[in-house]
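Written below as structure tokens is the structure these notes are about.
The values are calculated or read from the model by the stated rules, or taken from the named source; none is laboratory data. Because the structure is a prediction, the values reported are computed rather than measured. Cβ coordinates were reconstructed from backbone atoms using ideal geometry, including for glycine residues, and neighbour counts include every protein chain displayed. For the accessible areas, the whole protein counts, side chains as well, though only heavy atoms, and no ligand, DNA or RNA atoms are used. Shrake-Rupley method; radii C 1.70, N 1.55, O 1.52, S 1.80 Å.
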Amino acid sequence: MKILQTAILLIFTLLVVPIFTYLFGIPLGVREWDTLSILMKICAASVVYCFLVGELTNNNSQVDKYWSILPIIYAWVMAYFGDFSPRMVLLAVLVSAWGARLTYNFARKGAYQWKFWEGEEDYRWEILRKKPEFQPKWKWTLFNLFFISGYQNVLILLFTLPMLVTMQFDDGSIGLLDYLVAGIVLFFLALETVADEQHWKYQKEKWRLIKEGKLLRGDFAKGFLDKGLWAISRHPNYLGEQGFWVSFYFFSVVASGQWLNWSVVGCLLLLILFQGSSNFSEEISASKYDSYKVYQARVPRFLPRPKGRTQESPAPNS
């Protein structure tokens, strides 16, 4: 039920926030509308593809495969319409660096195959499909259409659109504030890179020991990683991902001089999505690993806790 509530909240935000912020912003020009039109066509094609392939193959990680690729396409389309100005190229390069890192991380987990419709499916989709809320199958089909394929594809487009606002106000130069925002963006990119690498090494070794039939000892006996960045945040990779796109939004703030513009909807929706996604992931982890609730009590979900602060008991929905 919480999953459906989260989906409804996301869709509500998707409809309300852009309308509200657009009323207080400067309308897009002809060039920006032309650019947005092309981006929306690419997005629509991706929605149709992901839905049909997901239904035909019963592999619902089609959107996951393109999560890191589509933003690169969107960014360079916007850079093209922005006449490849220094600022637009800077933003496109940053998005490309983010996408290359995430694509590599997903590829080494077996997500991409020569038969492009195959590949490793995120284990959470299989668990979700079996829940009573999605029985009979037609309910899952609707969920696949409107949330997995539809909503998530739209979200991928939305969190890149601060670049469209940046293009609207771009004067052809890069200022000190642009470099400052770029530095913050790169910090979060480095954070999620290190976090994913630590997690990959841990999981790779754990599964090697399991496949060889060896007894799991020490950190591997727990079943989950709680060292390195994972000792100060339960989801440092998610923190880096959210931080990247929230910081990316501020390029539009620098360019437009407006603290709030309609493109903020992308990073807001991303924050809500990660809240729901982490809830579901932790629900699974707590059911599998006996000491996970202790870990939840000791380590904050996203933002590291200042030294000296402790949490006495795990939150029921952490």
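Points to keep in mind about this one:
- Scanning segment 213-234 for residues that are assigned to a helix (DSSP H, G or I), among the aliphatic types (A, V, I, L, M) and either under 22 Å from Leu102 (Cβ atoms) or open to solvent by less than 60 Å² (accessible area, probe 1.4 Å) (or both) yields a count of 2.
- Residue in segment 28-43 that is touching a Gly at 6+ places or on another chain (Cβ under 6 Å) and at pLDDT 90 or above present: no
- Pick from segment 138-170, criterion under 15 Å from Glu32 (Cβ atoms) and outside any helix (DSSP H, G or I), ranking: modelled with the lowest pLDDT: Asp170
- Qualifying positions in segment 171-187 - assigned to a helix (DSSP H, G or I) and either in contact with a Lys or Arg (Cβ under 7 Å, 6 or more places away or on another chain) or more than 25 Å from Met88 (Cα to Cα) (or both): Asp178
- Members of segment 46-85 found to be assigned to a loop (DSSP other than H, G, I, E, B), over 20 Å from the mean Cα position of the chain (by Cα) and surrounded by 19 or more Cβ atoms within 10 Å (Cβ to Cβ), listed by number: Gly82
- As a summary of the residue check, Lys137 satisfies the conditions (1) surrounded by 14 or more Cβ atoms within 10 Å (Cβ to Cβ); (2) over 29 Å from Leu161 (Cα atoms) except for the one numbered (1).
- The requirement of being crowded, with 16+ Cβ neighbours inside 10 Å, part of a helix (DSSP H, G or I) and either touching a residue at least 60 places away in the same chain (Cβ under 8 Å) or not small (Gly, Ala, Ser) (or both) is not satisfied by Glu126.
- Cross-chain or 6+ apart pairs with Cβ under 7 Å, segment 145-158 first and under 13 Å from Asn60 (Cβ atoms), then in a helix (DSSP H, G or I) and of a type in the set (Phe, Trp, Tyr): Leu145/Phe51; Ser149/Phe51
- Restricting attention to segment 177-193, the residues that are of a type outside the set (Asp, Glu) and farther than 22 Å from Tyr238 by Cβ add up to 3.
- Within segment 235-311, helices (runs of 4 or more DSSP H) holding 3 or more residues that are at pLDDT below 90 and more than 24 Å from Trp98 (Cα to Cα): 264-288
- Put simply, of Ile210, Ile272, Ile184 the only residue that is open to solvent by 60 Å² or more (accessible area, probe 1.4 Å) and touching a residue at least 60 places away in the same chain (Cβ under 8 Å) is Ile184.
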